[in-house]
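Visitor: Starting off with a structure, shown below.
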Amino acid sequence: MRCLGLLLVLPILAGAWPALASAGSYADALSQCLIRSTTPADQKTVVRWAFATMALDPDVAPMSAITPEQRASINQKAGALVTDLLARSCNQPAQQALMFEGPGAARTAFEAWARWAITNLASEPHVMRGAGALLQYIDLGKLMSLVPLQGFPPASGDTR
C-alpha cells in the first residue's frame, strides 16, 4: 500500500512540467475528472501549495515569509485534497490510468490539473493588475521592429 502511494505521489512531486506532455486517453480522463472535481476552495489550496513549493527555490526564498508551520499546514491540506480526489472523486479514472497507462499517466494528469489551477489564478483582479504593471517596464519602441510592415497574418482558423 505504501508503495502504491509513492507511485502516485512521486510523479506529482518529481519535477517541472515538461514542455510537451503526451497524454493517453486514460490520463486525459483522469485530468478532466480532477478538474471537474476541484472546487474553487480546492483550487486555492493547489495555488497555495504551488506558491509555497516554488518559494523553496533559493532565488525566490528571500522574498517569501512562509514559516515551517505554515508550510506543514499547506502540505497537509494539499495532501488531503489529492487523497480525496484520487480515493473518492476520481477513483475509477485513477485506477484505469494507472492500470492501462502506468504511473506516468498520473503524473501527466496532475500536471494538467496543476496548470489549470494556476492558470485560472491569472484571472484574479489583483494578479491581473500586478501582471499589467510589467507593461510600464517594456520598451514598446524596441519591440515595434518585430511587427512586419504589412501587418500580421490572419489567425489560424480565420476564414477571411
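The values are calculated or read from the model by the stated rules, or taken from the named source; none is laboratory data. Bear in mind that the values here come from a model prediction, so they are computed numbers and not experimental data. For neighbour counting, all protein chains shown are included, and Cβ atoms are generated from backbone atoms with ideal geometry for every residue, glycine included.
Visitor: Restricting attention to region 1-46, and to residues there that are at pLDDT below 90, closer than 24 Å to A72 by Cβ and under 13 Å from the mean Cα position of the chain (by Cα), which single residue is surrounded by the most Cβ atoms within 10 Å (Cβ to Cβ)?
Guide: Looking at the filtered set, the residue picked out is I12.
Visitor: Additional query: Exactly one of (1) within 17 Å of L34 (Cβ to Cβ); (2) outside any helix (DSSP H, G or I) is unmet by L56. Its number?
Guide: Among (1) within 17 Å of L34 (Cβ to Cβ); (2) outside any helix (DSSP H, G or I), L56 violates only (1).
Visitor: Could we say that T83 is loosely packed, with under 11 Cβ neighbours inside 10 Å, closer than 18 Å to I35 by Cβ and within 18 Å of the chain's Cα centre (by Cα) here?
Guide: On the way: loosely packed, with under 11 Cβ neighbours inside 10 Å: no; closer than 18 Å to I35 by Cβ: yes; within 18 Å of the chain's Cα centre (by Cα): yes.
No; evaluated as a whole, the condition is false for this residue.
Visitor: Only one of these conditions is not met by P93: (1) surrounded by 13 or more Cβ atoms within 10 Å (Cβ to Cβ); (2) modelled with pLDDT of 95 or more; (3) within 14 Å of V46 (Cα to Cα). Which number is it?
Guide: The number of the failed condition is (3).
Visitor: Is it fair to say S123 is surrounded by 12 or more Cβ atoms within 10 Å (Cβ to Cβ), free of Cβ contacts under 8 Å to residues at least 40 places away in the same chain, farther than 19 Å from L30 by Cβ and among the hydroxyl-bearing types (S, T, Y)?
Guide: Working: surrounded by 12 or more Cβ atoms within 10 Å (Cβ to Cβ): no; free of Cβ contacts under 8 Å to residues at least 40 places away in the same chain: yes; farther than 19 Å from L30 by Cβ: yes; among the hydroxyl-bearing types (S, T, Y): yes.
No; evaluated as a whole, the condition is false for this residue.
Visitor: Is it fair to say A80 is at pLDDT below 95 and within 28 Å of A55 (Cβ to Cβ)?
Guide: Details: at pLDDT below 95: no; within 28 Å of A55 (Cβ to Cβ): yes.
Answer is no for this residue.
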